[in-house]
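The next block holds one structure in the form of structure tokens; read it before the comments.
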Amino acid sequence: MNRVAAGAIGALLLAAAPPESRAFVYASGSDQASGDLVGVWIKNNLELILNLGSIDDIQLGVVTSFQVPSDFDGNLVGARFIALGVPNPSLTFQTPDGPSPAGNVALSTNGDPHDALDPNPLKVGDAQAQLDPAGGGVAWLKLLNTIPLATGPGTPVIENDDQRALISTSIAQSYTTNLGQAGDSISGTITPLMVSVPISGDDNYFIDFYKLEVTLTNVAGNFQLGLDVVHPGTFKGDNGISGSSTLSLVNVPEAEPTVAAAAALAALGLLRVFARSRFTS
């Protein structure tokens, strides 16, 4: 058989072969590179799970664009959105007794992490343990690598690709089964922070994105735990009624005060001046 004929037969065999099965891939972080951030949209007892890329590489601009599943009625209205990750499961700080795990997570929330977690920064480590724990343990993020192969519409695993999965909320690897049973606060570890946002019929939804890290500082010979909070931006998504959707990271400026609010602030300033002049006269 000549080489041309052999090549043609080989090409036909490749075309006829079933496509290679692929499955969702989540990569943990390390001292060299941050772990992946995972986005979840939940609707109709299903979860659309997307790998949004390395946490530290997520910059302002479009993070991902995707087709809305037909199983979501072709739009995201009524869904909830969550983004979670762990920058570095192996991160440590030095204590008098040696290195100790430094809890760190990346999350979406419209709450204030300072108010919720500054009194007890160890909650960050508790949350990390539910996502991708120190020491190589298996938790929700790593369970995503064990989602079974897709078996199509009407089954628990409708889609499963290296960057995207569409699964039932009831299966063992789902966000709902592992983390979402206690009010979207990572199994209740960071209560009262809510990590999700509901998607309404409005054009866009917004939720802030934070990276949190437990710190240890030496203050006059006393070691004190603290919390480092980094706010890279705010996630902005659309309701997907066009059949496709885009998730971006944006800077959302603080709202300008209304005329009434500005007048109230001005009056407050005058009152302060008046009170100060009476006190000092």
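Taking S65, is it at negative phi, part of a loop (DSSP other than H, G, I, E, B), touching a residue at least 40 places away in the same chain (Cβ under 8 Å) and not β-branched (V, I, T)?
Criteria not met by S65.
Out of all the residues in the range 154-165, which are under 17 Å from the mean Cα position of the chain (by Cα) and not in a loop (DSSP other than H, G, I, E, B)?
Initially, the range 154-165 is screened for residues under 17 Å from the mean Cα position of the chain (by Cα), giving 163-165.
R164, A165, listed by residue number.
Can you go through G221, G226, G240 and tell me which one is at pLDDT 95 or above and of a type outside the set (V, I, T)?
Only one candidate qualifies: G240.
Within the range 84-108, which residues are of a type in the set (V, I, T) and either in a loop (DSSP other than H, G, I, E, B) or surrounded by fewer than 21 Cβ atoms within 10 Å (Cβ to Cβ) (or both)?
Within the range 84-108, V86, T92, T95 qualify.
Scan L122, L107, L91 and give me the residue that is among the aliphatic types (A, V, I, L, M) and closer than 22 Å to I199 by Cβ. Steps first, please.
Working: L122 fails: closer than 22 Å to I199 by Cβ; L91 fails: closer than 22 Å to I199 by Cβ.
Step by step, each of L122, L107, L91 is checked, and only L107 is among the aliphatic types (A, V, I, L, M) and closer than 22 Å to I199 by Cβ.
Give F72, F24, F81 a once-over and let me know the one that is buried (at least 20 other Cβ atoms within 10 Å of the Cβ), touching a helix residue (DSSP H, G or I) at 6+ places or on another chain (Cβ under 8 Å), modelled with pLDDT of 95 or more and aromatic (F, W, Y).
Values: F72 fails: touching a helix residue (DSSP H, G or I) at 6+ places or on another chain (Cβ under 8 Å); F81 fails: touching a helix residue (DSSP H, G or I) at 6+ places or on another chain (Cβ under 8 Å).
Every option except F24 fails the conditions.
Looking only at the range 98-149, filter to residues that are aliphatic (A, V, I, L, M), in contact with a helix residue (DSSP H, G or I) (Cβ under 9 Å, 6 or more places away or on another chain) and under 20 Å from F223 (Cα atoms); which one of those is modelled with the highest pLDDT?
Looking at residues that are aliphatic (A, V, I, L, M), in contact with a helix residue (DSSP H, G or I) (Cβ under 9 Å, 6 or more places away or on another chain) and under 20 Å from F223 (Cα atoms), I get V124.
Being under 20 Å from V25 (Cβ atoms) and surrounded by 14 or more Cβ atoms within 10 Å (Cβ to Cβ): is that true of Q128 here? Give the derivation first.
On the way: under 20 Å from V25 (Cβ atoms): no; surrounded by 14 or more Cβ atoms within 10 Å (Cβ to Cβ): yes.
The answer is no for Q128.
Among (1) loosely packed, with under 14 Cβ neighbours inside 10 Å; (2) more than 21 Å from V68 (Cα to Cα), which single condition is L141 missing?
(1)
Residues of the range 172-190 being in a loop (DSSP other than H, G, I, E, B) and either in contact (Cβ under 8 Å) with a residue 24 or more places away in the chain or in contact with a Gly (Cβ under 9 Å, 6 or more places away or on another chain) (or both), which ones?
If we filter the range 172-190 for residues that are in a loop (DSSP other than H, G, I, E, B), which is where we start, we get 172-174, 179, 183-190.
Result: A172, Q173, S174, L179, D184, I186, S187, T189, I190.
In this structure, does V195 turn out to be over 23 Å from K123 (Cα atoms), modelled with pLDDT of 95 or more and β-branched (V, I, T)?
On the way: over 23 Å from K123 (Cα atoms): no; modelled with pLDDT of 95 or more: yes; β-branched (V, I, T): yes.
No, not satisfied.
Could you grab me the full set of residues in the range 102-140 that are among the acidic types (D, E) and over 22 Å from P232 (Cβ atoms)?
Going residue by residue through the range 102-140, those that are among the acidic types (D, E) are 112, 115, 118, 126, 132.
Scanning the range 102-140 gives a single hit, D126.
Could you check, for the range 112-127, whether at least one of its residues is of a type in the set (S, T, N, Q) and either in contact (Cβ under 8 Å) with a residue 24 or more places away in the chain or in contact with a Gly (Cβ under 6 Å, 6 or more places away or on another chain) (or both)?
Of all residues in the range 112-127, those of a type in the set (S, T, N, Q) come to 120.
Checking the rest, the ones that are also either in contact (Cβ under 8 Å) with a residue 24 or more places away in the chain or in contact with a Gly (Cβ under 6 Å, 6 or more places away or on another chain) (or both) come to none.
No, the range 112-127 has no match at all.
The values are calculated or read from the model by the stated rules, or taken from the named source; none is laboratory data. Worth saying up front: this structure is predicted, and the values here are computed from it rather than measured. Backbone-built Cβ (ideal geometry, glycine too); neighbour counts: all protein chains shown.
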